[in-house]
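The values are calculated or read from the model by the stated rules, or taken from the named source; none is laboratory data. In this text, all values refer to a predicted model and were calculated from it rather than measured experimentally. For neighbour counting, all protein chains shown are included, and Cβ atoms are generated from backbone atoms with ideal geometry for every residue, glycine included. Side chains included, ligands, DNA and RNA excluded: accessible areas come from the protein's heavy atoms. Shrake-Rupley method; radii C 1.70, N 1.55, O 1.52, S 1.80 Å.
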Amino acid sequence: MKLDKYLEKQAWGYKSILAEKLGITPTYLSMLLRGMRKPSLELAMKIQYETDRKVTVKDLIPDFHKKYKL
């Protein structure tokens, strides 16, 4: 699932809560949502954890296995 679709299903204000849990600013999270920034593998793994695997590393970094040689 895309991160923006996941957030649409959450309660109002959850974006700020998620950003805090991830250790990033709401502004940076918005930049990820708009495609202005790409998450690091570490951040993608945190997002996967905080969304209970509804948003996966593969959703966030489709070619992660090539980029990180896994």
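Within the stretch 6-34, the residues that satisfy the criterion of being modelled with pLDDT of 95 or more and among the polar types (S, T, N, Q) are S16, T25, T27, S30.
Of the set (1) open to solvent by 80 Å² or more (accessible area, probe 1.4 Å); (2) touching a helix residue (DSSP H, G or I) at 6+ places or on another chain (Cβ under 8 Å); (3) not acidic (D, E), all apply to T56 but (1). On the given criteria, is S30 in contact (Cβ under 8 Å) with a residue 12 or more places away in the chain and either exposed (fewer than 15 other Cβ atoms within 10 Å of the Cβ) or not aliphatic (A, V, I, L, M) (or both)? In short, yes.
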